[in-house]
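Let me begin by presenting the structure, written as structure tokens, before commenting on it.
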Amino acid sequence: MTTVQAPRSDAASASAETFDSLNPATDEVVGTYPVHTAEQVEAAVARAREAARWWDSLGFDGRAERLRRWKGILARRLTDLCEVVRQETGKPRGDAQLEAVLAIEHVAWATRNARKVLGRQRRSPGLLLSNQAATVEYQPLGVVGVIGPWNYPVYTPLGSISYALAAGNAVVFKPSEYTPGVGKWLADAFAEAVPEQPVLQLVTGFGATGAALTRADVDKIAFTGSTATGKKIMAAAAERLTPVIIEAGGKDPVLVDADADLDAAAEATVWGAFSNSGQTCIGVERVYVHERVHDEFVAKVVERAERVRAGSGPGDQYGPMTMPAQLDVVRRHIADALARGGRALVGGADTVGDRYVQPTVLVDVPEDSLAVREETFGPTVTIAKVTDMDEAVAKANDSAYGLGSTVFSKRRGLELARKLRTGQTAINAPLSFAGIASLPFGGVGDSGFGRIHGPEGLREFARAKSIARQRFTPPLALTTFARTAKTEALVGKLIARLHGRS
Ligand code: NDP
């Protein structure tokens, strides 16, 4: 991807200012993209408004046929897509493929289930209005703005985009400044499958371009990124009363019970904490382990973590930090943990290089330190001993964030999972909820709100439209000035019989 193709799906008119997308492993320029202005963003949204009408008019079948075409292109050109992801994020090809495969599953699920979830459904009209036929249908919102991050540049935005499209909306997508090439690849593939109208458009640039999208005439904003930017987006969207979905990262805990399969728990911890260089919103950042198995568990984690290496060679398990500024955050969290009595059993202060961060396993870290409280978004993990699982739940829940969590327990998995204040929990396997397209995904507290994926994800991009159709004249006419005292008395008796007995 050393040359930039003529834009087909991006906000068409030429932009004077451009920016380069770099390979974070080499600093090689892998693409140059326009910095779209507020006017260009507004023009893209105006075009999307037109396209949305056409897309809506196709109905579920017409949209499904075209979404399946898009899915076919994504699946057939998987290798090409993974290469673009690898170039812009530095992640190993296998990791790029994993996120792309899961994203394709979401496109497939949203396409297959849109009619069932959003199509017209009958509702009971109740006894008093039994002369009515009641239905609800979920109509598209119109134009959805999607602001995506760089850590999973295919999986994360498509978790919103594919559901918004399947629900009948047009989408204007602003990818992160670190991964514009992936955004362009996805939008171009869509334009190939749906050449008739600009149903999925791309706008590129920095935060200001995203901010312009938030202020534009869109019907919803779906954002993934930091809590701080999420708050800014919500404040800007409030000007037009534009609803927002905020997916703002986490500080995800793993709970390891005394009866847990410790090998599986250690494996999940190491993969969950270090894969993708820890740049995963549902990555493992904290572990709470029952005191009876703590030492054995820690030994298993250390033994595995020592074999994991960051780098861009064939034997390396994860790549560089995609966003250079993140190196300082990781450095600060490790330094704070060590300064406050924590010990690094693997890695430590000198693991943070210029691009790569080697794995760090921290123990004895105070619960009020940065590494326990703030999102690190790097390949580090803290492990703490607890006397029982109630303490583990209390400590896990003592966080401003609440995105994902994982429980390893043979007997109490479901019970512990239900007690955790997070949007989703995996039991006895790492992050499994993220791969199940039918499950809603979203946060609590500083992790945000709203749900993508599954039926809830489709409804998030639709508005409920209720219709009550009179089938025959009501025997008891209540909404008329011709209402009689006899009717009123009858209704009073009827309600007393129906509801007054308990
Ligand atoms: P941001 O939240 O700043 O950026 C996320 C997206 O929002 C990007 O596309 C960004 O554009 C855009 N954006 C930035 N400012 C605005 C604005 N005012 N209005 C509208 N859109 C805006 O996150 P960063 O990428 O800077 O990462 C910072 C931290 O966020 C990380 O350290 C990590 O902790 C967390 N994070 C969490 C993610 C998650 O999965 N939940 C994903 C990414 C980051 P641009 O990139 O062009 O600035």
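Observations
- Entries of LYS116/LYS220; LYS116/LYS232; LYS232/LYS395; LYS91/LYS419; LYS71/LYS465; LYS231/LYS251 with Cα pairs more than 25 Å apart: LYS116/LYS232; LYS232/LYS395; LYS91/LYS419; LYS71/LYS465
- Accessible surface of the chain [probe 1.4 Å, protein heavy atoms]: carbon and sulfur percent: 53
- Think of a 1.4 Å ball rolled over the protein heavy atoms: the chain then has 43 Å² of accessible area per residue.
- Shape category assigned to segment 52-106 from the gyration tensor of Cα positions, a/c cut at 1.5: prolate
- Rounded tilt (10° steps) of 227-238 against the dominant C-alpha axis of the chain: 30
- Considering only GLY168, ALA43, LEU78, the residue lying farthest towards the positive end of the dipole of segment 31-186 is GLY168, judged by Cα position with unit charges set on Cβ.
- Positive-end residue, the chain charge dipole about Cα centroid, Cβ charges, pick of GLY90, TYR152, GLY313: TYR152
- Whole-angstrom gap from segment 106-137 to segment 24-103, using each part's C-alpha centre: 31
- The slack in the chain from LYS410 to ARG68, taken as 0.36 nm per residue of separation less the alpha-carbon distance, amounts to 119.1 nm.
- Cβ-Cβ FRET estimate between ASP263 and PHE19, R0 fixed at 56 Å, reported to 0.05: 0.75
- Dipole in debye (nearest 20) - segment 119-220, about Cα centre, beta carbon charges: Lys, Arg +1; Asp, Glu -1: 380
- Charge dipole (debye, nearest 20) of the chain; +1 at Cβ of Lys and Arg, -1 at Cβ of Asp and Glu: 3040
- Protection-proxy order for peptides 86-95, 122-131, 51-60, each taking the mean of Cβ atoms within 10 Å per residue, highest first: 86-95, 51-60, 122-131
- Segments 456-462, 132-138 sorted - mean Cβ within 10 Å per residue, highest first: 456-462, 132-138
- Antiparallel content of DSSP bridges confined to segment 330-458, in %, to 5: 40
- Simple label model, 7 Å out from Cα along Cβ direction - ARG421 to ALA464, nm: 2.7
- Each Cα pair under 8 Å and six or more residues apart adds its separation to the average, and for segment 211-295 the resulting relative contact order is 28 percent.
- Positive minus negative residues near VAL381 (Lys, Arg vs Asp, Glu; Cβ under 12 Å): +1
- The modelled label-to-label distance between ARG115 and ALA238, using points 7 Å beyond Cα along the C-beta direction, is 4.3 nm.
- Net length gained if the chain between ALA299 and ARG331 were fully extended (0.36 nm per residue, minus Cα distance): 9.1 nm
- Cβ-Cβ FRET estimate between LEU494 and ALA38, R0 fixed at 45 Å, reported to 0.05: 0.15
- Rounded FRET efficiency, nearest 0.05, which uses the C-beta distance separating ALA339 from TRP54 and R0 of 41 Å: 0.10
- Global form of segment 332-473, assessed from the alpha-carbon gyration tensor, a/c cut-off 1.5: prolate
- For the chain: rounded, prolate or oblate by the Cα gyration tensor [a/c cutoff 1.5]: oblate
- Computed about its Cα centre, the charge dipole of segment 277-338 is approximately 120 debye, with only Lys, Arg, Asp and Glu carrying charge at their Cβ.
- Dipole axis of the chain (+1 Lys, Arg; -1 Asp, Glu on Cβ), positive-most option in MET323, ASN131, VAL346: ASN131
- Potential extension, ASP80-GLU306 segment - 0.36 nm per residue separation minus Cα distance: 78.1 nm
- The angle separating the long axis of helix 155-166 from the principal Cα axis of greatest extent in the chain is about 10 degrees.
- Separation of segment 248-300 from segment 312-377 is 15 Å, based on Cα centroids.
- Counted over the chain, the DSSP beta bridges are approximately 40% antiparallel.
The values are calculated or read from the model by the stated rules, or taken from the named source; none is laboratory data. Here the structure is a predicted model, which means the values were calculated and not measured. All Cβ positions, even for glycine, are placed from backbone atoms using ideal geometry, and neighbour counts span all protein chains on display. The protein model used for the area step is the full one, side chains on, heavy atoms only, and it has no ligands, DNA or RNA in it. Shrake-Rupley method; radii C 1.70, N 1.55, O 1.52, S 1.80 Å.
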